[in-house]
Every structure is written in C-alpha cells, then in structure tokens.
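Okay, so here's the structure we're looking at.
Throughout, read-outs are computed from the coordinates displayed, never taken from laboratory work. Keep in mind that what you see is a predicted model, and the values were worked out from it rather than measured. In this analysis, Cβ positions are derived from the backbone assuming ideal geometry, glycine residues included, and neighbour counts consider all displayed protein chains.
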Amino acid sequence: MALSRRTIVLAAGCLVLALVPPIAALTNQPYYLDLFRRMMIFAIAAVSLDLILGYGGMVSFGHAAYLGIGAYAVGIPAFYGVENGWLQWGLAIAASALAAAVIGAISLRTSGVSFIMITLAFAQMLYYLGISLETYGGDNGMRLAGRSRFGGPIDLREPAVFYYVVLALLVLLLVLGRRLVASRFGMVIRAAKSNEARARAIGFSPFRYKLTAFVIAGGTGGLAGALLANQTEYLTPDFMHWTRSGEIMFMVILGGMGTLFGPVIGAVVLLLLEDLLSALTAHWQIILGPILILVVLFAKRGLFGLVAGVETRDG
Amino acid sequence: MAITLGLVLEQTLNGLQYGVMLFLMAAGLTLVFGIMNLVNLAHGSFYMVGAYLATAFTEKTGSFVLGVALALPATLLVGVLVEIVALRTLYERDHLDQVLATFGLILFFNELVAIVWGRAAIFTSVPQFLSGHFRMLPGLPYPTYRAVIILVGIVVAVFLWALVTRTRLGMRIRAGASNRTMIAALGVDIRLLYTLVFGLGAALAGLAGAMAGPVYSVQPGMGEGILIQVFVVIVIGGIGSIRGAIVGAVVVGMADTLGRAFLKPLLATMISPPAADKAGPALASMSIYLLMAAVLFFRPEGLFPARGRS
Amino acid sequence: MAEALLAVRGLIKHFGGLLASAGIDLDVAPGETHAIIGPNGAGKTTFIGQLAGDLRPDAGSIRFADHDVTRLDTPHRARRGLARSFQVTSIFRDFSALDNVALAVQAHAGSSFAFWRRARVEPALRDPARAALESVGLGGRAHVLAASLAHGEQRQLEIAMALATRPRLLLLDEPVAGMGPEESQKMVRFLGTLKGRMTIVLVEHDMDAVFTLADRISVLVYGRIIATGTPAEVRGNEAVRRAYLGEDQA
C-alpha cells in the first residue's frame, strides 16, 4: 500500500514527539521535555479551536477562557485538598463545556464582527471574574497545591509519565477529531461555513450544530486548561486573557486552519519562536507582531499545507 | 457607607464622564466597522498613542491644552499612516485575517511605546487651572476636570451629529454605513473616504487617551482594557450608528460606574455583608457583559443598527 | 381546482417607506408549472424571499401543503418539501459536485447528530446524490470541485441539489439567468422533463422559457398580481400589455 505524503509526515511527527523524553534523559536536558510537553498542551488547545474556527468558520476570540476555567477546575478543588484527577479533569471538561454552551447560545445568534466582539467580551468577563476571586489569589493567581492524582502507575509528578499522558491525549483528540469532521455532523458544520444561506435552503438549521461544536471545542479547551495547570503548577487569571486567545488563534493559522494537524505544528513553531525571540530581547513582541501580520497577509495556507502537500486541506 | 443623594449624583456624573471616554472611542470604531467592515483590534492603540503623545507634548510645551491640541493631529497622522501602510490590504480580507493582523499591530505598538517610554506607568497630574472642584450644587463639589471631560464629550457628540446628518461628507458616511457597494458604484472616492473616516476615528480615540492621562495612568496596554468595553458599547448600540454609540456609551458608562459604586452596598442589604463583599465586586465587573447578553437576547443586531432589520 | 399546493393571501411587505409587496394573492395547483413575470422593480425578489422564508411578511399568509408556513423559517420550509434555486448561483464552492448533492440528501435524511461514521462513504447519501447528478447530466463531473464547474454546470448543480431533496415544490429564481442561448435551451428542455412530475414555481425574465414551460402565468406589477392565466390569456391581457410587454410588442 502506497503511503501518502501526509501519512508519512504524521507518522514522523508522532515518532519525534514520542522520542523526546528518552532523548532528553540521555542528553540530560529535562528542559526540553518540559518545553515539548507545554507545546503539546497548547496543541490540544489549538486543535480544539480549529474545530470551530477552521471547520466551522466561527471566529471565537475568547477561547482562552475555557483554558482558564479548566485550570481553575483543577486549582480550586486542590486548594481544598481534593486532588483526585478524575474528579478535577471531569469538572474541567464539564464546567468549560457548560460555559461554552451559555456563551455560544448567546453569541451564535450573531455573526461576523459582532460575534468576534461578543466572544471576546465574554472571555474578558471571565477574566475579570477570576481577578475578583480574592480567595484564590485574585490578580496574582495561586500555586497549585499538587498535581492531579490518578492512582496506579499514572503519577503526574513523574515528568515522563505526565509527558506521555499528554501525548496520548493529543493523539486521541486528533483521531476523534478526524472522525468528527468527516461525519455527518462535521459535514453540516463545514457546509454552514462554506455557504450558510445554501445550508439553510436545503434544510439544515445550523444553530444547533454550531452550538454543539462550540461546546465540544470548549470542553476540550477545558481539558487543555487542566493540563496547563498541572504543567505550570501555578494558575492565574492571565490564562484567560484575550491576548492568550489571540496566541492560540495564531497557532491555528500559522499551522494551517481546517487541517487539525496544522495547529499542532503551529503550536510547536510559535512557542519555539517565542522561546527563541525572548532569549534575544525583552522586547520580542515588537518582532512577533509584524511576523504575525506578515503571516496573515502572505502565508495564509499555513505550514502544514507547505509540508504535507496541497491536498491536505479539507473541503 | 451611606448612600446619599450627593454620592449618587457624583457617581452618575462619573458614569457620564466614563461614558464620554467610551463614546469618543466607540464613534470612530463603529464607523470603521460599519463602513469599511473592518475589525480593528488596534483601535485601543490610538487611545494609548494619544495619551503618550499628549504627555510628551505637555512636557515639551509646558501647557496641557497645547499638549492635547498637538496630540490630536499627531494621532490622526499615526492613524492615517497605519491605514495606508498596513490596513489597505485588509479591506478585502475576511474578518479573521483582520483580527489577527490588527492583533499583531497591538503587540507592535505596545512594545514600541515600552521601548520609547519604558514599561512603568506614568502618572500625570491634572493641569493647575483645571484642578480643584467647582460648586455643582450647594454642598456638592465635583472635580472640575471631570466636568470638562463631560463638556468636551457633549461638544464632540454635537459636532459628529452635525457632521453626519448635515454635511455631504456625513451623507456619504451614512450611506456607506448602510450600503457599502452602493456608494462605490455612485462614484464616491472610496479610498479617500476610508482614509478620512479612519483618521477621524483615530483622532477621537487619541483625544480620549489624551484626556484620560491625568485621570487614569498612562502605560503600555492601556488601550486594550477600555477597548473591550468599547466593543460592548458598539454591540449594544448597533454597528455603524453614531446614535447607537452615544446611547450605548452612556448606558455602559453608567452601568459600569454605578455598579462598581453601589452593587456591594445594595447587595449587603439583601444578603450577609461578607458574602456581599465577595459577590459585589465580582458582579460589578460582570455587569456590563450581563447587560450586553440581555440586549443581545432580544435584539441581536443592537439597539440602533445602521443597516436596519429585514 | 384541487386544493392548491401553495396558497398566498394578502401578502404585504414594507421596506421603510417602500411597499414592495402590496397584497399578493396566488394559488399554485399541484403538478402545475406556474411562472411569475413582471417588469424590473415589480417586487419579484421580495416575493420569492417571502415564499422561501428569508423574509417575514408584514401581513398576509402563506399556506404550503395544507400548512400555514408564514412564520416558519427557511430550513423548516425546506424540510417540508420546498426546494429552491438562487438567482445568483449559491452552492458549496469548496466541496465536490457530489458532496454538494449529498449534503442536500443528508439534510432530509434524519438527524445529522452522527459523529462517527464517515459521511462520504454512506450509500444512503451517495447513491441518491449520484442519481440526481446523473439526471441533470452532471454524472461525469461528480468529483469536480464545485468552484471549478462552468457557470451553466453550477446552475445544473443547484437543480440537482433541489431535486435530491425530493421536493413537493420547486422554487426556481431565474434559472436561465446569465446563460447563453445554447445553455438556456438545454436548461429549458431539462426543466420541461420535470413538468407534471412536480410542482414548479418559476420566476423568469426570459420570455421564451416562460411561454415554453408555464401552464399558467402570473404577472407581478408594483407588488401586486394584476393578471393570472394561461400563456395565451396573459398574452392577450390588456393590462399586462400596457404594464409589461409594451403595446407595440404584443
């Protein structure tokens, strides 16, 4: 069976990611394990955004809010001594899915410019809410009492174990995501993006499907947030700041929106870039800003398309 | 805290003053949204640039009025430059591209300002002749400077109203807000109109920033905080409409200020003070967003949309 | 006449000061091909919009298949069997021709809350889609990207999408608009094969198409129907000649 270029690229990527912990151990550079784990967590966030942005055409500028909710869903129970990972992560997904349901139900009644502004506004509202929670650190945030506990061999305090848990979740998300976008549900979402009037004229009521997609994306973002809280062992309302939403969005575009795998590359490249640039100068954002503009103006197709071939864009 | 009539009046005026700031920014932004269909996240950067330039010019010339007066055309120039260099290509692009590109502009401007003036917040003081209070009512002093801001806001609102409803330029602007392709077809020089509208919006935002300096502090990123609230104003008021911007700004300004001042004590009369202490500020910060959600529930296109409803 | 499939009564629609629909009454019998003609500015687009569900009338009622659909939105009307084509071709440009039609089939094939099976390999969706494409003559172009199809082929694709939903009423908004003479004839011939098999409401400017296809014609002038009848009757109608065809042309 002939392997397509895309399959080869994906297999290679998976292999590289799986090899990071042993290589980091061999070369005695634990920093890279940490870095790549962080990249994969943001990759999960970016992939969840791609679902509604790349496939659904919903320019949600408040996606970071769900990461924040997920993070606090881990931090707050831990604050009270509840460290059960199943409970925490379950709460993270449920709470962020609920928030997405409410925000989506209101925002999806609008479109275009209004939609962008409303999702942005709601996310900022949650940010201010986070700041006002004095008990949990308010503006400064708080330290995570301890990483989520799962029992058995899964001890997140072991860097490599945590790493492979994240990798497994990322791979699972990608597999499920592929099925989702190719299913009937996925087709409706993509059709509504392509031509909403036409979708309605043939008999689809797009709102319910878009809302469902929004909730799925939100819940997955919450999972990413739970992972992030465990990663940094510190959580602040800054997780929800709208500039974070912009970053995640940029990851999706840079990697290639509407491809699911593209955002993974986007997350890796952007975080690497930030890492490199901030080593050069404290004012690295003045370089990143124009880079962002240039990418948007000239490299819209994204890196995944460049690397794995033109046919990778889903229609 | 005793809720006196004086306190209520004072906070109402504060709400009006804040509403003026919001209006100055919302007016330009809603026109840019409505006519050019351009999502400009960097609008807050003009607010910031206006504040910094006013501070710098005031220092140079020793006069606050001169400082603000110079900052206005300077900010307008910056706006026009940004439009010509960076934004022209974005008019045809979809909203996502505009969002991301202008987001890049924010990062750029915030850092630029930090490089030139440093990251620390700059505190400027109200100019001598405008400091102090005046007797609004017997026993009711109100800061002169804030009253001046309100006055400026009313003047600008009247000026914009006259511009939009009584001049040919205004007619083109209104036509553009409700049907963009039509005015292009009618031969109006679109590029010039766009640049003018954009420059005007930037200048207004700069004015807001220049006046805001003495009241709030001047620092990198100051534009983004108020920008989100400006979005709420526009969503509530309706895209493309100056009238909507006025109404929305007053509503949001009042709701935010009065909420912050009175929600906690009001809640304390209904639930226990410690609970009110926690819930009060949280609810106050969410109040305008809840208001936005309520408006959207009944009128997704806002209160006075320029394009009307089908 | 048997119970009308589509019954419009007193339809009124304002746009600010403009009265676009000034009280429209219309009956369309099942199985007939009913054309709506009228001079520019007569309000045809507004009328179609209200029939399809894009616009809500200010007053009046629309009954479709024995149901009051006046308050129903477009997707609900489509699901009840009202299919339409657009005046300016409206298709899913980034999907293949087959995908386009399969989507139309899917819209009428129950719930789309299915998250696992790959829609592109479902025979329940693909087979009817393929058949519809064949029937309009696009069978060989099934896997071509819709955006890459010729203008005329895109119009055919729209018809295929409408047909795939097994509609009770086909609402065609200027089906031959923008087509050259050969393409137009092809389309008219094809539409002729549909006559009698389903009810068609046809808005058109092309008089050849109208007089070839229509069983009955209604003439819309200034938001009101001033005449309804067979092509011969309408041709001979004094008011119609004055308002539309022009005295010297009749």
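Given the options A:ALA11, A:ALA73, A:ALA267, which has the most mean-square fluctuation in a GNM of chain A, springs set between C-alpha atoms less than 10 angstrom apart?
Judging by the Gaussian network model, the answer is A:ALA11.
So how far, in whole Å, is the C-alpha centre of the stretch B:128-165 from the one of the stretch A:199-265?
45 Å
Sort C:37-43, B:239-245 by the packing proxy (mean of other Cβ within 10 Å over each peptide's residues), most packed first. Don't skip to the answer; put the middle values down first.
On the way: C:37-43: 18.3, B:239-245: 25.4.
Highest-to-lowest ranking by the protection proxy: B:239-245, C:37-43.
List the residues, sorted by chain then number, that are 5 or more residues from C:GLY38 or on another chain and whose placed amide H is less than 5 Å from its amide H.
C:LEU220
Which of the chymotrypsin sites (Phe, Trp or Tyr not before Pro) across the stretch A:76-157 are loop residues per DSSP, with 15 or fewer other Cβ within 10 Å?
Qualifying residues, ordered by number: A:TYR80.
State the dimensionless ratio Rg/Rh of chain C (Rg: radius of gyration of Cα atoms; Rh: Kirkwood radius).
0.98
7 Å from Cα along Cα→Cβ at both C:TYR222 and B:LEU9: what's the point-to-point distance in nm?
The modelled label-to-label distance comes out at 6.0 nm.
Where in the stretch A:109-190 are there trypsin sites (Lys or Arg not before Pro) that are in a DSSP coil and have at most 13 other Cβ atoms within 10 angstrom of their Cβ? Please report the intermediate quantities before stating the final value.
Details: sites: A:ARG109, A:ARG143, A:ARG147, A:ARG149, A:ARG157, A:ARG178, A:ARG179, A:ARG184, A:ARG190; in loops: A:ARG109, A:ARG147, A:ARG157.
Answer in residue order: A:ARG157.
For labels at B:VAL65 and A:PHE207 in the simple 7 Å Cα→Cβ model, what's the distance in nm?
Label at B:VAL65, label at A:PHE207, 5.6 nm between them.
May I ask for the distance between the Cα centers of the stretch A:103-148 and the stretch C:26-45, given as a whole number of Å?
For the stretch A:103-148 versus the stretch C:26-45, the Cα centre distance is 52 Å.
Assign unit charges at the C-beta atoms only (+1 for Lys and Arg, -1 for Asp and Glu), then state the dipole size of the stretch B:11-219 relative to its Cα centre in Debye, rounded to the nearest 20.
Computed about the Cα centre, the dipole is about 480 debye.
So which chymotrypsin sites (Phe, Trp or Tyr not before Pro) in the stretch C:53-162 pass both tests, a DSSP loop state and at most 11 other Cβ atoms within 10 Å of the Cβ?
Here the chymotrypsin sites (Phe, Trp or Tyr not before Pro) that fit, given the DSSP loop and packing criteria, are C:TRP116.
Quick one: helix B:43-61 against the long Cα principal axis of chain B, what's the angle to the nearest 10°, folded into 0 to 90?
On a 0 to 90 degree scale, this one is about 70.
Please list the non-local residues whose amide H lies under 5 Å from the amide H of B:SER241, H modeled 1.01 Å from N, same-chain partners needing a gap of 5 or more.
B:ALA306
Could you state the number of Å between the C-alpha centres of the stretch C:141-186 and the stretch B:52-70?
65 Å
Whose amide H sits under 5 Å from the amide H of C:ARG84, counting only residues 5 or more places off or on another chain, with H placed in the peptide plane?
So C:ARG84 has HN proximity to C:LEU171.
Using Cα springs under 10 Å in a Gaussian network model of chain B, which residue among B:ALA101, B:ALA268, B:ALA284 shows the largest mean-square fluctuation?
B:ALA268
Who wins for biggest fluctuation among B:PHE33, B:PHE23, B:PHE198 in a Gaussian network model of chain B, springs between alpha carbons below 10 Å?
Looking only at B:PHE33, B:PHE23, B:PHE198, the biggest GNM fluctuation is shown by B:PHE33.
Which value, in Å to one decimal place, does the Kirkwood hydrodynamic radius take for the stretch A:84-214 when every pair of different Cα atoms is included?
Radius from the Kirkwood sum: 18.1 Å.
What Kirkwood hydrodynamic radius, in Å, does the stretch B:64-182 give when the mean of 1/r is taken over all pairs of distinct Cα atoms and then inverted?
Working: mean 1/r = 0.0536 Å⁻¹.
Computed over the stretch B:64-182, the radius equals 18.7 Å.
222 nm [θ] for chain A, helices only, -39500 (n - 2.57) per DSSP H run of 4+, per residue, to 500?
Result for chain A, helices only: -24500 deg cm²/dmol.
If each Cα of the stretch B:11-219 is one equal point scatterer, what is log10 of I(q)/I(0) from the Debye formula at q = 0.13 Å⁻¹?
These q points yield log10 I(q)/I(0) values of -0.76.
Would you mind getting me the FRET efficiency between A:LEU294 and C:ALA239? Use the beta-carbon distance for r and R0 = 45 Å, nearest 0.05.
0.10
What does the structure give for A:227-239 when I average, per residue, the other chain Cβ atoms found within 10 Å of the residue Cβ?
Numbers: counts 0, 0, 0, 0, 0, 0, 0, 0, 0, 0, 0, 0, 0.
Shielding by partners across A:227-239 averages 0.
Is it possible to state the helix-based mean residue ellipticity at 222 nm for chain B, with each DSSP H run of 4+ residues giving -39500 (n - 2.57), the sum divided by total residues, to the nearest 500 deg cm²/dmol? What is it?
That calculation yields -25500 deg cm²/dmol at 222 nm.
Can you pull the mean other chain C-beta count within 10 Å for peptide C:154-161?
Mean partner-chain Cβ count within 10 Å for C:154-161: 1.
Suppose each label sits 7 Å from its Cα in the direction of the beta carbon; what would the A:HIS283-B:TYR91 distance come out to in nanometres?
3.3 nm
Per residue of A:117-123, count partner chain C-beta atoms within 10 Å of its C-beta, then hand back the mean as an integer.
Counting other chains' Cβ atoms within 10 Å and averaging over A:117-123 gives 6.
Show me, for the stretch B:241-258, the HN-Hα J-couplings you get by feeding each phi into the Karplus relation (A = 6.51, B = -1.76, C = 1.60, θ = phi - 60°), rounded to Hz, glycine and proline as x.
10, 5, 4, x, 5, 5, 4, x, 5, 5, 4, 5, x, 5, 4, 5, 5, 5
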